[in-house]
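Asker: Mind looking over this structure? Questions follow.
Values in this text are rule-based calculations from the coordinates and carry no lab data. Computed from a prediction, not measured in an experiment: that's the story for all the values here. Every residue, glycine as well, gets a Cβ built from its backbone with ideal geometry; the counts of neighbours run over all protein chains shown.
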Amino acid sequence: MTELLTDTQVAEALQHLPEWRQEGRRLSRTVEFASFPQAIQAVTRIAEIAESENHHPDMDIRWRTVVFHCTTHSQGGITANDTSLAREIDNVVEQLTS
Ligand SMILES: C[C@H](O)[C@H](O)[C@H]1CNC2=NC(N)=NC(=O)C2=N1
C-alpha cells in the first residue's frame, strides 16, 4: 500500500508542481478552460487515466472552471499516487489548452 507523504515530501513535490497547492489532506488545482465542452473533454480524458490506474481525483465542474483534488481516500491524505496523478492532470490540461 502507498504510504502517506510527510509534509516535507509534499512541499518538495509541490516545487515541481507549480500549479498545485496543498489544501489540508489533498493537492488542488483550479483550471479555467476556454469553454464548457473543453472542460468536459479534460474531465473525460482524466477519467480514462484514473480508471486505468485505479486512482481517482475529485473533480468539481462549475461551467468552464474545474477544481481538481488529489488525495488517497484509503490513506486519508497525500501519497505518491496523488503527485503522480497531479502530473498527469497537468499533461492533459497542457495538451488541451496550449
Ligand atoms: C478498491 C479500489 O482500489 C479503491 O476503491 C480505490 C479506487 N480509487 C481511489 N482513488 C483515490 N483517490 N483514493 C483511493 O483510496 C482509491 N481507492
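Asker: Among the residues of region 1-48, how many are among the polar types (S, T, N, Q), without any contact (Cβ under 8 Å) to a residue 40 or more places away in the chain and touching a Lys or Arg at 6+ places or on another chain (Cβ under 8 Å)?
Answerer: Of the residues in that region, 1 qualify.
Asker: Could you check, for region 36-51, whether at least one of its residues is crowded, with 16+ Cβ neighbours inside 10 Å and closer than 15 Å to residue 21 by Cβ?
Answerer: No, region 36-51 contains no residue that is crowded, with 16+ Cβ neighbours inside 10 Å and closer than 15 Å to residue 21 by Cβ.
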